[in-house]
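Q: I'd like to ask some things about the structure below.
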Amino acid sequence: MDLGLYLEFPRRAGESEAQAFEESMVQARMAEELGLDSVWLAELHFTPGRSVLASPLLVAGYIAGVTKRVHVGTAVEVLPLGNPIRLAEEVATLDHICQGRFEFGIGRSGAATAYQAYNVPYDESKARFFETLNIMTSAWTQERFSFDGKFFQYHDVCVVPKPLQQPYPPLRIAVNSPDTFPTAAQMQLPIFIGLRARPDLLQQRVESYIQAWEEAGNPGEPDVCLRLPIYVAETMEKALEEPQESAMSFSKSRLEQAVNQPVPGLSDAENQERIERGKRVKNMTYDDVLASDVAFGTPEVVTEKVLALQQKFHFNSVIAEINIGSKIPRDLVENSIRLFAEQVAPQLR
């Protein structure tokens, strides 16, 4: 099992933006030093109380420069918000800087506020996502290309540089709604998944991905990566008490707010599912969160939880979300990373 860190570059109350960057850059270097396999970077816009990580490709270039072994990925780059030719150039450049260690995680995000600020209608997000991906792969695999789409038109364009990895860096797509799981399988793409209050639905959808993969006759095995909030401490008392406020802050405010408002461009069924999930989150206790959404505990308990989840969701890799809710103090986060890398990771490989 491949194991990595998921970083949002959180900014706590009273901290400067510079402090937020410095902390997470240290933690990225810790992944290299402690023998983890990868570092994955979020893309979050206009959330000053949560994150300063608006430009993950830039940050990935920095991490590549201060590491030699660890893979660097995006989780995820929000394709509909970017210019596809510019993205193709930047990703190919980053692939060279990373010397083949870059992995390109992609998605369209459920955060409609970022679309509003970028003046991109959210109801165009799906169409823009696939058009952008089509343009980028064409730019990488053809010496010169032309494209005539709904949102973008190009004539006889030669993108330079081409990626170092051929035909381009490994792609991995974030999936959530029911139709995206089989679609990803039909595209032969690995996927990101997250628990987020409905593990029962997630299990069904992962099974639909695996079934669609097999029915399509794809080469190799289906590839699932779980993003999992993980907190490790020396005792169960510490492991449960120290992240509680932060975890509940996430569950009660951010997730509830995200799912209680209908999102333009989603189907009625998808919006209804979001609303139902919001109602469930509103009533969740900390015991509910511990049971369904996270892996908190001693190294032994976290190891057992990850292995149990692997049996359920058939994943090949885990990226540890190390500060869910963004409020866990830095020293505790870094202690958790060390325990995860030194005592949990060896039991999962």
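Every number in this text was worked out from the coordinates using simple rules, so none of it is lab data. It should be emphasised that the depicted structure is a prediction, and the values quoted were computed from it without experimental measurement. In this analysis, Cβ positions are derived from the backbone assuming ideal geometry, glycine residues included, and neighbour counts consider all displayed protein chains.
Q: Under the 0.36 nm per residue contour assumption, what length would be gained going from the current alpha-carbon distance of Ser249 and Asp179 to full extension?
A: Between Ser249 and Asp179, full extension yields 22.2 nm more.
Q: Say R0 is 45 Å: what FRET efficiency, to the nearest 0.05, do Asp287 and Gln166 get from their beta-carbon distance?
A: Efficiency, from the Cβ-Cβ distance: 0.35.
Q: Distance in nm between label sites at Ser267 and Glu300, each 7 Å beyond Cα in the beta-carbon direction?
A: The modelled label-to-label distance comes out at 4.7 nm.
Q: Once fully extended, how much extra length lies between Asp123 and Thr137, figured as 0.36 nm per residue of separation less the alpha-carbon to alpha-carbon distance?
A: Contour length minus Cα-Cα distance gives 2.7 nm.
Q: Next question. Looking at the chain, send over the antiparallel percent of its DSSP beta bridges, to the nearest 5.
A: If we restrict to bridges inside the chain, about 10 percent are antiparallel.
Q: At what distance in angstrom do the alpha carbon centres of the range 1-37 and the range 291-340 lie from each other?
A: Using only Cα atoms, the two centres lie 15 Å from each other.
Q: Sticking with this structure for a sec: Find the lysine pairs in the chain meeting two conditions, Cα atoms under 24 Å apart and a separation of 8 or more places or different chains, and report how many there are.
A: The number of close lysine pairs in the chain is 12.
Q: Can you pull the one-decimal nm distance between simple spin-label points at Leu58 and Met187, each 7 Å off the Cα toward Cβ?
A: 2.7 nm
Q: Let me ask another. Tell me, what is the Rg over Rh of the chain, with Rh the Kirkwood radius over Cα pairs?
A: Details: Rg = 19.6 Å, Rh = 20.7 Å.
Using Cα coordinates only, the ratio equals 0.95.
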